[in-house]
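The values are calculated or read from the model by the stated rules, or taken from the named source; none is laboratory data. Quantities reported herein were computed from a predicted structural model and do not represent experimental measurements. Here Cβ is always computed from backbone atoms with ideal geometry, including for glycine, and neighbour counts include all displayed protein chains. Only protein heavy atoms, including side chains, enter the accessible area calculation; ligands, DNA and RNA are left aside. Shrake-Rupley method; radii C 1.70, N 1.55, O 1.52, S 1.80 Å.
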Amino acid sequence: QVHLVESGGGLVQPGGSLTLSCAASGRIFNIYAWDWYRQAPGKQREMVARITISGSTIYADSVKGRFNISRDNAKHTASLQMDNLESEDTGVYFCHIEDHAGGSWEYEYWGQGTQVTVSS
């Protein structure tokens, strides 16, 4: 089993910046991908950013140019740098990983979430 812990959430003003962090611990095999999801009040959870072990990235259209995802494979950590925040970015942000155990075995894990609030 793998435990994911997010941190760095808080209250910021529109146009401000915030950096979220995710740390993985436990029985880790090979983390193939890290993802950040968010869920706004009354809305469904959506993918914000993804980065693979090779370094390729994917961003939601709404955050392109404003958010940047990074990871440290050796330290089993990932970060989400958020700039020019908007009120629409408010929500609970979740860390997610895809862990490859070898062969075709894959596992997925979720963090508990961290609150991000952008005042307006």
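Taking segment 33-51 only, how many residues are of a type outside the set (K, R), surrounded by 16 or more Cβ atoms within 10 Å (Cβ to Cβ) and under 22 Å from V118 (Cα atoms)?
Just the residues of segment 33-51 that are of a type outside the set (K, R), to begin with: 33-37, 39-42, 44, 46-49, 51.
Going one step further and asking which of them are surrounded by 16 or more Cβ atoms within 10 Å (Cβ to Cβ), we end up with 33-37, 48-49, 51.
Okay, now just the ones that are also under 22 Å from V118 (Cα atoms), so 35-37, 48-49.
Matching residues across segment 33-51 total 5.
The residues in segment 1-32 that are over 30 Å from S87 (Cβ atoms), open to solvent by 60 Å² or more (accessible area, probe 1.4 Å), assigned to a loop (DSSP other than H, G, I, E, B) and not charged (D, E, K, R) can be counted, and the count is 3. When segment 1-54 is limited to residues that are basic (K, R) and free of Cβ contacts under 8 Å to residues at least 40 places away in the same chain, the one that is farthest from D72 (Cα to Cα) turns out to be R27. Taken as a whole, the condition of being touching a strand residue (DSSP E or B) at 6+ places or on another chain (Cβ under 8 Å) and open to solvent by 10 Å² or more (accessible area, probe 1.4 Å) does not apply to I97.
Of all residues in segment 52-61, those satisfying the criterion of being under 15 Å from the mean Cα position of the chain (by Cα), of a type in the set (S, T, Y) and either closer than 19 Å to S17 by Cβ or open to solvent by 70 Å² or more (accessible area, probe 1.4 Å) (or both) are T57, Y59.
Of the residues in segment 73-87, how many are within 20 Å of G16 (Cβ to Cβ), part of a strand (DSSP E or B) and open to solvent by less than 20 Å² (accessible area, probe 1.4 Å)? First the steps, then the outcome.
First, the residues of segment 73-87 that are within 20 Å of G16 (Cβ to Cβ): 79-87.
From what is left, the residues that are part of a strand (DSSP E or B) are 79-82.
Those left that are additionally open to solvent by less than 20 Å² (accessible area, probe 1.4 Å): 80, 82.
Of the residues in that region, 2 qualify.
Checking every residue in segment 64-72 against the condition of being closer than 26 Å to G102 by Cα and surrounded by fewer than 14 Cβ atoms within 10 Å (Cβ to Cβ) gives at least one match.
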